[in-house]
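Peer 1: Sending over a structure as structure tokens; questions will come in a sec.
The values are calculated or read from the model by the stated rules, or taken from the named source; none is laboratory data. It should be emphasised that the depicted structure is a prediction, and the values quoted were computed from it without experimental measurement. Here the Cβ is made from the backbone with ideal geometry for all residues, glycine too, and neighbour counts use every protein chain on show.
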């Protein structure tokens with residue numbers, strides 16, 4: 001063994017472990033309180049409401065969810081989330097590399113164009129899409145003026161419009177976590193791979209992808225969670241024709257006065273989101289050593 | 001390749017590896033022109049200054065990478081990984097994550113990874129400079145043993161003259177993007193071709209002067225400390241710098257025994273300014289006029305010398321060299 005393998009006594013005197021633990025607890029307390037009062041308690045109430053029947057505990061509200069109609073609703077939510085997440089990834093992954101490679105003014109402009117839309121309400125953005133896409137909207141007006149089509153194409157209230165709008169609105173949540181990882185990527189690793197015989201494509205698959213996996217997983221999880229539970233986007237861009245879990249929950253609580261069913265659908269949505277997050281946490285870990 | 005930072009030695013290494021492309025000229029490895037060959041088809045092994053180990057792979061995964069991307073069968077890769085890891089004496093750490101290794105171990109993983117593919121040329125970019133002194137010297141010895149064993153050509157880039165002198169068969173001293181001298185370490189040290197090489201490798205005393213007499217490949221130069229004879233061919237009147245290494249300068253107490261005018265020696269009278277203890281030898285600074293001359297003496301002799309003493313320095317003419325003065329007006 002060499003000298004560098006010998007244990008080196010730590011020169012830093014650390015504070016007493018007890019004191020450090022109490023400090024940590026102290027720092028975490030406000031956030032923990034907020035989470036318990038504003039998040040855990042309401043969730044517990046929601047869950048209680050979903051299983052509370054007239055005569056004690058019941059799963060009847062969940063049984064309603066298992067009918068073909070509502071399974072279709074669940075599928076609608078999943079389909080919207082999967083399409084949105086997939087397309088956002090295909091656009092966002094390369095964009096993250098462009099962003100990481102850009103320098104100076106170009107980079108500032110690109111970052112601003114990512115952040116600024118986040119400052120606008122999702123309602124404003126969804127309405128903007130309806131203005132663009134409706135029959136007398138900008139897109140159709142231009143198409144007809146150019147003589148490309150004779151009559152307006154139906155775009156608003158289609159699934160395409162829904163997914164286009166959702167991708168547009170949620171794209172920053174894909175790009176930012178991936179960009180954060182890509183910007184940290186050590187280019188020398190790619191050079192090392194090249195000198196070891198890896199073509200650019202192989203180096204990408206064997207080095208760049210695994211090392212950016214944590215960002216990819218974070219981006220996928222974020223966009224999936226946001227789009228599976230999106231409410232404003234499907235309400236404004238497609239409406240009744242494409243019921244999702246979110247719109248169904250809102251309807252159950254606000255219109256149909258079925259709080260038990262709404263609560264059950266809410267719990268189901270939460271379960272889907274949690275499953276996605278758990279799966280991504282697992283994927284992120286398995287991206288380590290092999 | 002030895003030179004100060006910014007002299008172009010790393011750029012030259014990157015050109016050989018294919019990580020940078022030359023605007024003109026050609027690069028050939030074992031006679032094959034590889035100027036337009038991308039790095040992944042050059043079959044070179046590079047040990048980077050920062051090691052550039054893949055953090056998502058284990059030690060064995062890093063070493064296997066080159067063979068794995070070449071699509072070699074599993075058993076062959078496993079055998080090669082085992083053999084290479086035992087070559088660098090890390091066979092017991094194959095399953096470790098690279099982040100769990102010490103600097104010296106990481107260095108050896110980087111070496112094993114480069115060796116595993118059986119490269120035609122091994123390139124080391126300041127590969128030892130991140131290690132502390134003891135470990136570096138240990139790695140130098142170990143590397144020499146390894147390179148002899150596998151018989152590969154290796155190119156080292158370093159700014160450390162000791163490392164270059166220890167490790168190399170031939171050294172290219174670089175300065176400002178040019179090779180000043182390409183020679184074996186002994187020649188480089190004992191017969192430096194340029195003033196830059198002289199100054200960059202080893203210590204020296206340099207005296208500026210004007211050639212007074214010339215002939216037979218020798219010159220007599222008038223300097224601030226008197227006339228000094230040196231090896232070199234310059235016309236009388238040229239501005240030159242004469243130089244010699246400290247180990248050739250012998251200190252003789254000025255009053256103890258005049259040796260007379262021995263014409264094969266140079267001699268300068270001065271006063272001892274400092275005696276610097278350096279272990280087995282001591283460095284002695286002698287002031288003559290406004291010049292400082294560097295001499296060296298074994299500790300036993302040096303211990304009898306004291307700052308302020310008058311001293312005479314003598315050294316052989318054959319170890320005195322003359323270079324054109326770079327600051328002289330053309």
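Peer 1: Pick out, from the stretch B:1-107, the helices (runs of 4 or more DSSP H) lying fully within it that include 3 or more residues that are crowded, with 16+ Cβ neighbours inside 10 Å, over 26 Å from the mean Cα position of the chain (by Cα) and more than 9 Å from chain A (Cβ to nearest Cβ).
Peer 2: B:59-69, B:74-87
Peer 1: Quick test of your reading of the structure: residue A:175 fulfils all but one of (1) more than 10 Å from chain B (Cβ to nearest Cβ); (2) more than 23 Å from the chain's Cα centre (by Cα); (3) under 30 Å from residue A:284 (Cα atoms). Name the failing condition by number.
Peer 2: (2)
Peer 1: So which of A:233, A:217, A:207, A:228 is surrounded by 22 or more Cβ atoms within 10 Å (Cβ to Cβ), within 14 Å of chain B (Cβ to nearest Cβ) and under 19 Å from residue A:88 (Cβ atoms)?
Peer 2: A:217
Peer 1: Answer yes or no as to whether residue B:119 is touching a residue at least 60 places away in the same chain (Cβ under 8 Å), under 25 Å from residue B:34 (Cα atoms) and assigned to a loop (DSSP other than H, G, I, E, B).
Peer 2: The answer is yes for residue B:119.
Peer 1: While we're looking at this one, here's another question. Here is a check on your reading of the model: is residue A:183 within 23 Å of residue A:92 (Cβ to Cβ), away from every other protein chain (no Cβ under 14 Å), surrounded by 22 or more Cβ atoms within 10 Å (Cβ to Cβ) and within 25 Å of the chain's Cα centre (by Cα)?
Peer 2: no
Peer 1: Now a separate question. Restricting to the stretch B:122-146, and then to whatever is assigned to a helix (DSSP H, G or I) and within 11 Å of chain A (Cβ to nearest Cβ), can you tell me which residue is surrounded by the most Cβ atoms within 10 Å (Cβ to Cβ)?
Peer 2: For the stretch B:122-146, the residue satisfying everything is B:139.
Peer 1: Anything in the stretch A:38-65 that is exposed (fewer than 11 other Cβ atoms within 10 Å of the Cβ) and in a loop (DSSP other than H, G, I, E, B)? List them, or say none.
Peer 2: A:54, A:55
Peer 1: Could I ask something else about it? May I ask you to verify whether residue B:205 is modelled with pLDDT of 90 or more and crowded, with 17+ Cβ neighbours inside 10 Å?
Peer 2: yes
Peer 1: Given the stretch A:93-202, what helices (runs of 4 or more DSSP H) lie entirely inside it while holding 1 or more residues that are within 30 Å of residue B:65 (Cβ to Cβ) and in contact with a helix residue (DSSP H, G or I) (Cβ under 9 Å, 6 or more places away or on another chain)?
Peer 2: A:159-184, A:187-195
Peer 1: Scanning for something buried (at least 21 other Cβ atoms within 10 Å of the Cβ), in a strand (DSSP E or B) and under 28 Å from the mean Cα position of the chain (by Cα), does the stretch B:218-225 turn up at least one residue?
Peer 2: No.
Peer 1: To continue, here is another question. Which residue is nearest to the other protein chains (Cβ to nearest Cβ), if the candidates are limited to the stretch B:147-158 and must be in a helix (DSSP H, G or I) and either over 20 Å from residue A:196 (Cβ atoms) or in contact with a helix residue (DSSP H, G or I) (Cβ under 7 Å, 6 or more places away or on another chain) (or both)?
Peer 2: Within the stretch B:147-158, the match that is nearest to the other protein chains (Cβ to nearest Cβ) is B:150.
Peer 1: Tell me yes or no: at least one residue of the stretch B:49-68 is over 21 Å from residue A:186 (Cα atoms), touching a residue at least 40 places away in the same chain (Cβ under 8 Å) and assigned by TED's automatic domain parsing to the domain that holds residue B:124.
Peer 2: Taking every residue of the stretch B:49-68 in turn, at least one turns out to be over 21 Å from residue A:186 (Cα atoms), touching a residue at least 40 places away in the same chain (Cβ under 8 Å) and assigned by TED's automatic domain parsing to the domain that holds residue B:124.
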